[in-house]
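The values are calculated or read from the model by the stated rules, or taken from the named source; none is laboratory data. For clarity, every value in this text was computed on a predicted model and none was experimentally measured. Positions of Cβ are generated from backbone atoms using ideal geometry, with glycine treated the same way; all protein chains shown enter the neighbour counts.
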Amino acid sequence: MPVAVAGGGLGGLSAAIHLRVAGYSVRVYEANTRVGGRANRIETDGFRFDTGPSLLNYPWVFDELFRAAGARLEDYVELLPVEPGVAFQWPNGTRFALSSDLAALAASLEPVERDVAPGLMRFLSDAGAKYDLAFAKLVSRNVDNPLVWFASLRMRELKRLSVWRSLYGELGRFFRSRHIREAFGSYGMYLGGSPFELPGVFSILPYGELAYGLWLPRGGIYGLVEGVERLARDLGVEILTGARVERIETGGGAVKGVRRAGGDVDAFSLVVSNVDVPVTDAQLLGHERLLDRRRRKNARVRMTPGVLTFYWGVRGAVRGLGHHTIFLPEEYRAAFRDLIRGTGIPRGLPFYVSVASATDPTLAPAGGTTVFVLVPVPLLHRMGDVDWEQVTAEIKARVLERLGRHGCDLTADRIAVEHVYTPRDWRDRFGLHEGSGFGAAHTLFQVGPFRARNYARELRGMYYTGASTTPGTGMPMVILSGKLTAERIVAREG
Ligand SMILES: Cc1cc2nc3c(=O)[nH]c(=O)nc-3n(C[C@H](O)[C@H](O)[C@H](O)COP(=O)(O)OP(=O)(O)OC[C@H]3O[C@@H](n4cnc5c(N)ncnc54)[C@H](O)[C@@H]3O)c2cc1C
């Protein structure tokens, strides 16, 4: 049976691959000139930048994708280990780096928390059990009923997941140092909540990084996208680029096809949208009254923050920056509050810097450096009608000033190539609702069966995949999302 996939992000490509393996004939419509979505590439003067994701973990998820298609990841993508992993820095000079090497990790944390080893071991064992439980019973299945979802867990397992305790509180069970708690809790930024309100189960995020390491595909994250695209094409998935879907045509309570920019309609009785769920419902399915209830529900969905990103090509080496660094503020709690509920640049300005050329020097011209800076900011409607040029200039100055304070010799005059994506650019380039970088947030009532489902109950043949539906955001999760959507289609449509 033919299926149309609107959007060639990693979620859409994963759905396409799994559907093709299940025997469907699949056509992907991607609006941009390249697939990959947020995981895209900018090339200028010999510098190659990844636009979005830079931290790749859980490589086993990608292994499974290739194996499901009878192929081997290593024949398509070369993964380079990134060691040490993420480094954290505070204005008062406190710093440490994470590592998948247990001895190196303990040695790095010891200066911030004396006798850290017992707490660290207990943390790893506890978060490891949560991780196994989450993937075995919660993340990898299509379950719509909360009771069925929770009933898959024994009481002991439910308690172990710490869904009722906050992430920050959970970390406090193992670590006395506020810096370790703040570092591990800062992953909440990507999940759209503060560590003071996200469920404790998300201690699996730092755990996953420690246990499975961080990786950089050769050629950058886009090297992985190219591998996944090649796999899809090898299987016979048809991929059209520069092919925007203007409308998903419907009639009689069912999907009828996709209308392309220019007006041509291709008939399909099955459509998977990889476009953000609220955007799909409001814009692609705009005239379908049946979906009014969904749209009202979408309006209440909390999204992860917006993102402002800088891509700097620097001639020569940059001192004082490893591959991954997160710069945290002293006003940690206030910064999260500002990010989620505020209307301007967050206090203390937390940000993340990635220097991928430190691991793969081919990403920059000889001896040069690629610098990617991600600054989370409130969603577009919260920021209001701001002058993004001015906000960008202010944030850039503050980022460079903070880097300088940490001994990094990156100054404005050393930046030979610069690109900037404001949340507006993210919205307009990739259809991201409200400029939200990571899609719907992962608060307790927006995960599992509480999250937007990967099908529309109201509309036959209409399916969703990607960061705003189940199981959640991040590259590994959207690869799983594609698998879950394909399983859903096979189960419902045969
Ligand atoms: C700045 C940033 C940093 C990130 N960092 C990380 C990280 O370090 N690690 C990690 O794992 N994850 C990270 N993420 C999250 C990760 O990028 C996403 O969760 C994931 O890539 C989302 O994939 P997707 O398939 O759901 O959606 P998308 O990548 O958004 O794909 C949707 C696709 O649909 C296309 N499209 C939109 N409208 C139409 C239309 N009308 N017709 C046809 N096509 C259309 C878009 O062009 C796009 O290609 C980051 C995200 C951002 C923005």
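Would you confirm whether any residue within the range 26-37 is among the basic types (Lys, Arg), near the ligand (Cβ under 9 Å from one of its atoms), under 18 Å from the mean Cα position of the chain (by Cα) and in a loop (DSSP other than H, G, I, E, B)?
No, there is no match, as no residue in the range 26-37 is among the basic types (Lys, Arg), near the ligand (Cβ under 9 Å from one of its atoms), under 18 Å from the mean Cα position of the chain (by Cα) and in a loop (DSSP other than H, G, I, E, B).
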Original post:
Before we move on, is residue 87 small (Gly, Ala, Ser) and in a strand (DSSP E or B)?
Top reply: yes
Taking residue 90 as the residue in question, decide whether it is within 16 Å of the ligand (Cβ to nearest atom) and touching a residue at least 12 places away in the same chain (Cβ under 8 Å). no
Reported set for the range 285-316 where residues are at pLDDT 95 or above, farther than 18 Å from residue 381 by Cα and within 16 Å of the ligand (Cβ to nearest atom) is 309, 310, 311, 312
Test residue 203 against the stated conditions and say whether it is assigned to a loop (DSSP other than H, G, I, E, B) and either among the small types (Gly, Ala, Ser) or crowded, with 20+ Cβ neighbours inside 10 Å (or both).
-> no
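Among what's in the range 1-25 and is away from the ligand (no atom under 13 Å from the Cβ) and touching a strand residue (DSSP E or B) at 6+ places or on another chain (Cβ under 9 Å), pick the residue that is farthest from residue 474 (Cα to Cα).
Per the stated criteria, the residue is 1.
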Filtering the range 39-80 for residues that are away from the ligand (no atom under 14 Å from the Cβ) and either closer than 13 Å to residue 230 by Cβ or of a type in the set (D, E, K, R) (or both) leaves a count of 16
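Of all the helices (runs of 4 or more DSSP H) wholly in the range 106-175, which have at least 2 residues that are within 14 Å of residue 206 (Cα to Cα) and under 27 Å from the mean Cα position of the chain (by Cα)?
So the answer is 117-133, 167-172.
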Is there a residue in the range 464-476 that is crowded, with 24+ Cβ neighbours inside 10 Å, at pLDDT 95 or above, hydroxyl-bearing (Ser, Thr, Tyr) and part of a helix (DSSP H, G or I)?
no
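Criterion first (farther than 22 Å from residue 51 by Cα and outside the structural domain of residue 403 (by TED's automatic domain parsing)) does residue 235 satisfy it?
yes
Looking at 461, 435 in this structure, which one is within 13 Å of the ligand (Cβ to nearest atom) and either more than 26 Å from the chain's Cα centre (by Cα) or not β-branched (Val, Ile, Thr) (or both)?
From the options 461, 435, the qualifying one is 435.
Residue by residue, here is whether (1) surrounded by fewer than 18 Cβ atoms within 10 Å (Cβ to Cβ); (2) in the same structural domain as residue 246 (by TED's automatic domain parsing); (3) over 24 Å from residue 420 (Cα atoms); (4) at pLDDT 95 or above holds:
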{"position": "20", "(1), (2), (3), (4)": "no, yes, yes, yes"}
{"position": "26", "(1), (2), (3), (4)": "no, yes, yes, yes"}
{"position": "30", "(1), (2), (3), (4)": "no, yes, no, yes"}
{"position": "52", "(1), (2), (3), (4)": "no, no, no, yes"}
{"position": "59", "(1), (2), (3), (4)": "no, no, yes, no"}
{"position": "64", "(1), (2), (3), (4)": "yes, no, yes, yes"}
{"position": "67", "(1), (2), (3), (4)": "yes, no, yes, yes"}
{"position": "73", "(1), (2), (3), (4)": "no, no, yes, yes"}
{"position": "90", "(1), (2), (3), (4)": "no, no, yes, yes"}
Of the residues in the range 439-463, those that are within 23 Å of residue 186 (Cβ to Cβ) and assigned to a helix (DSSP H, G or I) come to 444, 445, 446
Residue pairs within 9 Å by beta carbon, gap of at least six or interchain, first lying in the range 352-368 and within 19 Å of residue 53 (Cβ to Cβ), second among the hydrophobic types (A, V, I, L, M, F, W, C) and surrounded by fewer than 18 Cβ atoms within 10 Å (Cβ to Cβ), listed first then second, are 359/80; 360/80
| task | Kindly indicate whether residue 239 is within 16 Å of the ligand (Cβ to nearest atom) and surrounded by fewer than 24 Cβ atoms within 10 Å (Cβ to Cβ). | result | yes
